[in-house]
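Each remark here refers to the structure printed beneath this line.
The values are calculated or read from the model by the stated rules, or taken from the named source; none is laboratory data. Quick caveat, the model's predicted, so the values are computed rather than measured. Cβ atoms come from the backbone with ideal geometry, glycine included; neighbour counts cover every protein chain shown. Only protein heavy atoms, including side chains, enter the accessible area calculation; ligands, DNA and RNA are left aside. Shrake-Rupley method; radii C 1.70, N 1.55, O 1.52, S 1.80 Å.
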Amino acid sequence: EPVVSLEEVLAENEELEKEARAVLGGSDHERCSYSQGAVKRQALYACSTCTPPGEEPAGICLACSYECHGTHRLFELYTKRNFRCDCGNSKFKNLQCKLLPEKGKVNSGNKYNDNFYGLYCTCKRPYPDPEDEIPDEMIQCIVCEDWFHGRHLGAIPPESGDFHEMVCQACMKHCHFLWAYAAQLAGNENQVPALTKVNSLEDEGIALNVEESEEQKKEIKKESGVEHQEIKEEKQVEQFNEPSTSSGAACPEVVAKSEVPACKLKELQSKPFVKKDTATFWPLNWRSKLCTCEDCLKMYSELEVQFLTDECDTVLAYENKGTSDQETERRDPLMDTLNSMNRVQQVELICEYNDLKTELTDYLRRFADEGTVVKREDIQHFFEEFQSRKRRRTNRMQYYCS
């Protein structure tokens, strides 16, 4: 039989708990999220039992997945943005929500895709796929929030895995303005060669122009009489190209200022860049580099991608908040027990707990150092010895001051 060491079991368990805290930590497992409206980001599920293929797609929150669909076949959707729980509404023919029965018939603001039927990627296959023998990771697009096989993105993900977010091929076509940023912010495969042939793609709203020389720029400044303003714009562009030092923990709000400087997007579009039919991979804090001038904010709204300028929209921000909240709320069961005891009982319990912890740690460390497997009889032997030592200690009278 295959065996694993205690060290491996503990490490794997800790990793699973960490993932669960990250994904579920920002969602309430006891109360339906419907009353909160369209939640900015939450863990969601689809019920194949209640809304199978052929029926209207629907999504349910974490609490409803436990309380109302506990025995049903569910698809885990990970997280979705701006979604309101559908459980028990008109999409469910024979089910009423046990947590919040009074709900509207539909949630018109919700967006659905094939994920709600357990299908993913451009290949529209389930995950895990029993017919797919090729090992491949699934990566979520931050725009459409569908999941894609790495081999179906039109571009190979960076081997180091050193990227924070991905935008799929279809969404890069929809958000074509991102190609101007890709040359500066995305992976090396999106960088523009030093010499770029002059080309025009006006039909697609993109122009590739050879960058002007420094002499030409100075001449233009003198003729226009706005040299001081141009210097300001150059400084702003330099600041735009500097790497961010933000840790990503804080989520600054995007505020449209009345005095808007030069448009960062137009500045980038004036330089050579390449547009490809591939997905793109983006580093940490890249969203903070997007232009927030009035014209760009209007464009984001028209394309329905306003969330791109919100760093709190990221899955990482959601996971960090969930982990932090859970760590704060997690209570030590030993402390709860101690609070219900008098002082004599507290001292006795603490002594026994510390003895058990110290002796068990020392006992198991020998197995870890030797790389041997801990067997059932080893654990039984330890507790038999521990109980024997405990009886010898308690035979002598102990006194405590209360």
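Tell me whether the range 95-107 contains one or more residues that are of a type in the set (Lys, Arg), open to solvent by 20 Å² or more (accessible area, probe 1.4 Å) and in contact with a Cys (Cβ under 8 Å, 6 or more places away or on another chain).
Yes.
I'm trying to understand the selection: among the residues of the range 357-375, which are outside any helix (DSSP H, G or I) and open to solvent by 80 Å² or more (accessible area, probe 1.4 Å)?
Lys375
Going by what's in this entry, would Asn209 be described as over 30 Å from Gly59 (Cα atoms), at pLDDT below 95 and surrounded by fewer than 13 Cβ atoms within 10 Å (Cβ to Cβ)?
Answer is no for this residue.
When you check Glu145 against the structure, is it crowded, with 16+ Cβ neighbours inside 10 Å, in contact with a Phe, Trp or Tyr (Cβ under 7 Å, 6 or more places away or on another chain) and in the same structural domain as Phe281 (by the TED database), yes or no?
Judged against the criteria, Glu145 is not a match.
Quick one: how many residues across the range 92-144 are of a type in the set (Ser, Thr, Tyr) and touching a residue at least 60 places away in the same chain (Cβ under 8 Å)?
Matching residues across the range 92-144 total 1.
Condition check: within 30 Å of Glu19 (Cα to Cα) and open to solvent by 60 Å² or more (accessible area, probe 1.4 Å). Does Asn82 satisfy that?
Judged against the criteria, Asn82 is a match.
Which of the residues spanning the range 336-356 are open to solvent by 80 Å² or more (accessible area, probe 1.4 Å) and of a type outside the set (Phe, Trp, Tyr)?
Scanning the range 336-356 gives Asn339, Ser340, Asn342, Arg343, Gln345, Glu348.
Select, from Tyr181, Tyr112, Tyr117, the only residue that is open to solvent by less than 10 Å² (accessible area, probe 1.4 Å), of a type in the set (Ser, Thr, Tyr) and at pLDDT 95 or above.
Of the residues listed, the single one that is open to solvent by less than 10 Å² (accessible area, probe 1.4 Å), of a type in the set (Ser, Thr, Tyr) and at pLDDT 95 or above is Tyr181.
Restricting to the range 32-79, name every residue that is surrounded by 19 or more Cβ atoms within 10 Å (Cβ to Cβ) and either touching a Pro at 6+ places or on another chain (Cβ under 8 Å) or on the phi > 0 side of the Ramachandran plot (or both).
Scanning the range 32-79 gives Ala46, Thr51.
Would you mind telling me which numbered condition in (1) over 15 Å from Cys175 (Cα atoms); (2) in a helix (DSSP H, G or I); (3) among the charged types (D, E, K, R) Lys271 fails?
Lys271 satisfies all of (1) over 15 Å from Cys175 (Cα atoms); (2) in a helix (DSSP H, G or I); (3) among the charged types (D, E, K, R) except (2).
Listed here are the residues, each with its yes/no results for (1) crowded, with 20+ Cβ neighbours inside 10 Å; (2) in a helix (DSSP H, G or I).
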| position | (1), (2) |
| --- | --- |
| Leu284 | no, no |
| Ser288 | no, yes |
| Cys291 | yes, no |
| Asp295 | no, yes |
| Lys298 | no, yes |
| Phe307 | no, yes |
| Cys312 | no, yes |
| Asn320 | no, yes |
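Determine whether the range 385-395 contains at least one residue that is under 42 Å from the mean Cα position of the chain (by Cα) and either of a type in the set (Ser, Thr, Tyr) or at pLDDT 75 or above (or both).
No, there is no match, as no residue in the range 385-395 is under 42 Å from the mean Cα position of the chain (by Cα) and either of a type in the set (Ser, Thr, Tyr) or at pLDDT 75 or above (or both).
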